[in-house]
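A quick write-up on the structure given underneath.
The values are calculated or read from the model by the stated rules, or taken from the named source; none is laboratory data. Note that this is a predicted model, so its numbers are computed, not measured. For neighbour counting, all protein chains shown are included, and Cβ atoms are generated from backbone atoms with ideal geometry for every residue, glycine included. What goes into the accessible areas is simple: the full protein's heavy atoms, side chains included, and nothing from ligands, DNA or RNA. Shrake-Rupley method; radii C 1.70, N 1.55, O 1.52, S 1.80 Å.
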Number of protein chains: 2
Amino acid sequence: MAKEIRFNAFQMNAASHQSPGLWRHPRDQSHRYTDPDHWVALARLLEQGRFDGVFLADVLGVNDTYAGNADAALRHGVQVPLNDPLLVVPLMAQVTTHLGFGVTCALSYEHPYSFARRMSTLDHLTRGRVGWNIVTGYLESAARNLGIERRPHDDRYDQADEYLDVVYKLWEHSWEDDAVRRDRALGVYVDPAKVHPIGHQGEHYQVPGIHLCEPSPQRTPVLYQAGTSKRGKRFAARHAECVFVSGPSKTVIARYVRELRDAVADEGRDPSDLLIYAQALVITGRTDAEAAAKRADYEAYIDTEASLALLSGWTGVDFSRYPLDAPIEYLDTDAGRAALASFTQADPSRIWTVGEAARFIGLGGRGPVITGDAARVADELTAWVDETGIDGFNLTFALAHETLQDVVHHVVPELQQRGRYRQVYSPGTLRHKLFGLGPRLSADHVARRQQLGAARTQPAAPEPADAALS
Amino acid sequence: MAKEIRFNAFQMNAASHQSPGLWRHPRDQSHRYTDPDHWVALARLLEQGRFDGVFLADVLGVNDTYAGNADAALRHGVQVPLNDPLLVVPLMAQVTTHLGFGVTCALSYEHPYSFARRMSTLDHLTRGRVGWNIVTGYLESAARNLGIERRPHDDRYDQADEYLDVVYKLWEHSWEDDAVRRDRALGVYVDPAKVHPIGHQGEHYQVPGIHLCEPSPQRTPVLYQAGTSKRGKRFAARHAECVFVSGPSKTVIARYVRELRDAVADEGRDPSDLLIYAQALVITGRTDAEAAAKRADYEAYIDTEASLALLSGWTGVDFSRYPLDAPIEYLDTDAGRAALASFTQADPSRIWTVGEAARFIGLGGRGPVITGDAARVADELTAWVDETGIDGFNLTFALAHETLQDVVHHVVPELQQRGRYRQVYSPGTLRHKLFGLGPRLSADHVARRQQLGAARTQPAAPEPADAALS
């Protein structure tokens with residue numbers, strides 16, 4: 001039986017996400033990102049469309065590479081102004097029952113001890129529907145404002161591994177399943193013998209104490225990652241349950257998928273345990289002609305400067321210094337060449353110009369734009385899944401929420417009719433809905449295999465010297 | 001005209017707040033703190049009762065002073081398990097229109113750059129109803145787990161002053177009022193010339209960049225503080241718009257109020273600009289007898305060990321080492337004597353024992369317990385306000401949400417009938433509702449008087465050397 005196709009909605013708590021310039025379209029509602037009702041409406045729509053979840057991107061800085069300042073990003077609202085992603089999750093959870101929430105939180109922004117509490121709280125409030133997109137990198141401007149020295153790429157992954165050690169210990173090992181007694185007659189809320197200080201003494205973090213939260217439905221949130229560098233893939237293979245990838249062609253995506261699943265196998269995990277979502281923009285309507293007209297209408301709002309501000313932020317290359325007809329392969333920095341390789345890889349026989357790349361990412365970001373009536377879009381999505389080995393799509397939008405409304409109203413029923421999309425949600429936590437198992441991480445995940453060491457085998461009543469740590 | 005009395009609800013995202021032991025009462029619902037519907041119901045109740053707001057306490061650690069470990073705190077659920085307070089605010093805001101939200105966030109837990117974004121986001125999502133309880137101190141156990149060296153008390157206030165400098169600059173001075181143009185025709189979302197890097201270079205923080213958020217309704221959240229130390233009062237006088245105080249008697253509270261208002265005057269502010277709320281527990285019913293019976297019922301659930309775990313955490317004195325009949329004035333540490341002075345000050349002619357203090361704080365914490373039918377409670381609350389100079393009360397509870405339901409159903413109508421409580425909310429932000437002015441901090445507040453310095457007067461297009469900071 002052909003596998004069901006999964007949808008996530010790719011969002012950001014900002015006025016412009018992956019379609020810079022499109023905020024100028026008269027029907028776009030992205031500027032309502034500060035309005036809670038904007039998020040409530042989105043959540044209801046996505047649950048109606050049986051989406052796996054909404055995936056919230058985040059950065060903690062501005063795209064200020066283009067022309068060496070933030071002017072272009074500000075002028076075009078390119079991911080700035082930008083609000084905190086965590087705080088819209090309780091709103092969306094409260095009006096839904098099944099929808100999941102994948103929230104991007106960079107490791108460097110918050111201490112693991114307080115971060116662990118935030119995520120446990122969200123897992124409680126969503127009744128086990130929260131996921132965490134683990135980001136190790138960050139914008140240079142974020143690091144500067146946080147007083148962090150930006151570390152070399154691979155070092156960041158080492159620190160990330162320790163960060164995960166800490167939060168795993170807090171989430172998975174500090175409280176035993178039956179620690180919370182809540183026995184009114186005995187007067188025992190928690191059995192202290194079943195709550196363990198994690199005793200973490202590492203290179204970057206010292207966290208001796210207990211987790212502050214009682215176990216939430218999933219304990220560890222569903223783990224998402226988006227790394228496609230070599231070290232990033234290894235990290236994803238070790239930790240991630242879901243991975244987001246983006247690229248302009250099936251060829252590029254198929255290679256990522258192969259490499260990711262190989263890396264997962266190398267970690268001793270079942271390669272099919274990893275769910276992989278590819279970024280895509282779907283433009284659809286009642287007919288092919290209607291969809292094509294819609295796309296042409298959207299394309300008229302692509303803004304080259306806005307796109308290049310975004311592309312400059314992603315790549316670290318200041319594209320204000322190049323003419324639009326400059327071929328990308330002649331860009332004179334390693335970073336630029338490497339970051340932009342995916343464009344040229346899409347069609348090795350072709351050379352992309354700066355202007356072509358800007359137009360490409362100007363509508364829907366780094367993924368394909370799939371246009372047509374429901375049948376044509378369903379054909380194309382199915383081909384992507386079947387030919388690349390992905391499990392579903394991380395759907396960007398041209399206009400909020402019109403683009404996703406179109407998907408829900410046209411494409412979802414078509415895929416359901418073909419038996420390639422869920423009719424109803426299965427019960428349980430987000431992890432149940434994604435993997436049919438849960439609510440906890442599978443027993444062979446690195447988080448579950450950890451040991452707290454000495455702290456776990458100590459008697460319930462700690463020795464005086466250790467008492468202060470409990 | 002006698003002034004109206006104001007109510008806040010004093011809460012914590014935990015199973016037990018200021019009435020340790022009372023979770024054992026069969027009608028208590030505090031254990032539902034992990035359930036979003038628990039908070040939604042509370043918010044609706046408080047808005048029905050025309051409360052100013054809900055005030056969320058927080059710590060980021062456990063009370064582990066008693067017997068040198070966390071066993072007693074865990075066993076009795078004394079403020080542990082404990083979830084994050086920020087994440088329930090969007091839930092409560094979404095089902096209300098007027099209720100305010102005062103959230104406790106300690107300065108030491110998060111960098112001001114990311115914290116500023118969180119609060120701006122909350123101010124947007126609540127449509128201008130968020131307040132921030134500025135806490136400079138923290139539990140020793142929190143500092144330990146965050147890898148923070150705990151600093152001397154007065155040093156913490158110096159760092160706090162700089163922290164506030166940073167967030168004030170971000171909230172008040174980075175974005176001009178008309179920076180957001182959102183002009184679809186011109187293609188200008190933000191006018192870059194009206195967004196200013198704050199250029200903060202201080203002893204503890206370096207934050208060169210711009211605030212990530214567009215101006216929220218109030219910009220700076222309403223500022224709450226609870227410091228009663230000498231340095232704490234100075235800090236409150238400089239920054240706070242509202243202050244919470246707690247003490248067992250009118251004598252103690254009247255002195256705090258005098259000292260606070262004098263300190264505000266010393267800062268050149270109008271002493272009546274500060275709203276002061278005193279902690280209190282109100283136990284009421286249809287008759288005095290019913291209220292008295294309710295109180296007796298509640299008192300049967302006071303738990304001495306739970307109370308002493310809390311009192312030990314507050315004072316830093318390990319009360320497990322003293323017999324219950326030990327007089328507090330003979331405690332052998334300075335910290336213990338100082339922290340417990342408020343009990344003895346309540347009635348200088350009387351010596352409190354450890355057991356008496358435990359029973360006192362075991363029901364409603366450090367404030368008075370005011371018991372009776374609506375008329376008697378209204379008399380007593382009015383006397384407190386008129387004799388001490390406070391503006392209202394920070395109401396703790398014995399049982400969730402029974403205690404506050406009783407207040408809303410009995411006491412609020414009685415006070416309204418006497419013309420001492422609002423009948424309807426005034427329109428506008430939380431600051432409007434509290435002060436009749438707003439939405440921004442008054443022009444003479446220290447936050448408004450700041451200058452960004454050179455960065456503010458630079459030309460719109462920054463010089464290359466500064467470009468990366470914008």
TODO: Determine which lysines satisfy two conditions relative to B:Lys169: a Cα distance under 17 Å, and not lying fewer than 8 residues away in the same chain.
DONE: B:Lys194
Open item on the list: Among DSSP bridges having both ends in chain B, what percentage is antiparallel? Round to the nearest 5.
Closed with: 15 percent
- [ ] Using only protein heavy atoms and a 1.4 angstrom probe, determine the accessible area buried between B and A, summed over both sides, in Å² to the nearest 100.
- [x] 7200 Å²
TODO: Whole number in Å², please: accessible area per residue of the protein assembly as shown, 1.4 Å probe, ligands, DNA and RNA not counted.
DONE: 34 Å²
Open item on the list: For B:Thr304, project a label point 7 Å along Cα to C-beta. Then give me every residue of region B:259-287 with its amide nitrogen under 15 Å of that point.
Closed with: none
- [ ] Distances from A:Gln206 to the same position in the other copies: list them in nm, one decimal, shortest first, using label points 7 Å from Cα along Cα→Cβ.
- [x] 2.5
Open item on the list: Placing the label point 7 Å from Cα along the Cα-to-Cβ direction, what are the distances from B:Trp314 to the equivalent spots in the other copies, shortest first, in nm to one decimal?
Closed with: 5.6
Open item on the list: Ordering A:Thr251, B:Thr34, B:Thr121 by accessible area with a probe of 1.4 Å, largest first, what comes out?
Closed with: A:Thr251, B:Thr34, B:Thr121
Task: Equivalent ellipsoid semi-axes - Cα gyration tensor, region B:1-114, angstrom - done: 26, 19, 15
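Using 0.36 nm per residue, how much length does the chain from A:Gln450 to A:Arg32 gain when fully extended, once their Cα-Cα distance is taken away?
Numbers: separation 418, 0.36 × 418 = 150.48 nm, distance 4.37 nm.
Result: 146.1 nm gained on full extension.
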Task: Cα-based reach from B:Lys3 at 27 Å (exclusive), listing lysines while leaving out same-chain residues under 8 positions away - done: B:Lys233, B:Lys250, B:Lys433
- [ ] Can you bin region A:58-130 into rounded, prolate or oblate? Criterion: square roots of the alpha carbon gyration tensor eigenvalues sorted a ≥ b ≥ c, rounded for a/c under 1.5, prolate for a/b above b/c, oblate for the rest.
- [x] oblate
Open item on the list: Could you report the accessible area of B:Ile253 in Å², rounded to 10, computed with a 1.4 Å probe on the protein chains as they sit in the structure?
Closed with: 0 Å²
- [ ] Can you tell me the relative contact order of region B:221-315? Whole percent, Cα pairs under 8 Å, sequence separation 6 or more.
- [x] 22 percent
Task: Rough spin-label spacing in nm, given labels placed 7 Å along Cα→Cβ, for B:Ile351 and B:Glu162 - done: 4.6 nm
Open item on the list: Suppose the chain between A:Gln416 and A:Arg258 were pulled fully straight at 0.36 nm per residue; how much longer would it get relative to their current alpha carbon spacing?
Closed with: 54.1 nm
- [ ] Once you have a ≥ b ≥ c as the square roots of the Cα gyration tensor eigenvalues for region B:81-194, tell me rounded if a/c is under 1.5, and otherwise prolate or oblate according to whether a/b is larger than b/c.
- [x] oblate
Open item on the list: Rounded to the nearest percent, how much of the accessible area of region A:232-279 (1.4 Å probe, protein heavy atoms only) is carbon and sulfur?
Closed with: 42 percent
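What number, in percent, do you get for the relative contact order of region A:6-113 if the mean sequence gap of Cα pairs under 8 Å and at least 6 apart is divided by its residue count? Working shown, then result.
Values: 154 pairs, mean separation 38.8, N = 108.
Result for region A:6-113 is 36 percent.
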Task: In sequence order, calculated HN-Hα J values of region A:384-392 (Karplus, 6.51, -1.76, 1.60; Hz; x Gly/Pro) - done: 4, 5, 6, 8, 10, x, 6, 9, x
Open item on the list: Using a loss threshold of 30 Å², tell me which positions in region A:73-105 are less accessible in the complex than in their chain alone. Probe radius 1.4 Å, ligands and nucleic acids ignored.
Closed with: A:Leu74, A:Arg75, A:Pro81, A:Leu82, A:Asn83, A:Asp84, A:Leu87, A:Pro90, A:Leu91, A:Gln94
Open item on the list: Is there a quick way to get the dipole size of chain A? I mean about its Cα centre, with the Cβ of Lys and Arg at +1 and of Asp and Glu at -1; what is the value in debye to the nearest 20?
Closed with: 860 debye
Open item on the list: At 0.36 nm per residue, and after removing the present C-alpha to C-alpha distance, how many nm does the segment from A:Asp386 to A:His409 gain when stretched out fully?
Closed with: 5.9 nm
TODO: Find the relative contact order for chain B and round it to a whole percent, using C-alpha pairs within less than 8 Å whose residues are 6+ positions apart.
DONE: 23 percent
Task: Estimated inter-spin distance, A:Ser229 and B:Glu4, nm [label 7 Å along Cα→Cβ] - done: 5.7 nm
- [ ] Calculate, for A:Glu176 and A:Val424, the FRET efficiency according to 1/(1 + (r/R0)^6) with r their C-beta to C-beta distance and R0 35 Å; round to the nearest 0.05.
- [x] 0.55
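Keeping all protein chains in place and using 1.4 angstrom, which order do A:His410, A:His401 fall into by accessible surface area, from largest down?
Values: A:His410 45, A:His401 25 Å².
Solvent-accessible surface, decreasing: A:His410, A:His401.
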Task: Percent accessible area from carbon and sulfur atoms, region B:1-133, protein chains only, probe 1.4 Å - done: 46 percent
- [ ] Run the 1.4 Å probe and let me know the accessible area of B:Arg234, rounded to the nearest 10 Å².
- [x] 130 Å²
Open item on the list: In whole Å, what are the extents of the protein assembly as shown along the principal axes defined by its C-alpha atoms, from largest to smallest?
Closed with: 94, 60, 49
Task: Residue of chain B nearest the B-to-A rotation axis [by Cβ], rounded angstrom distance - done: B:Pro90, 2
Task: FRET efficiency for B:Asp273 and A:Ala296, using Cβ-Cβ distance with R0 set to 51 Å, rounded to 0.05 - done: 0.30
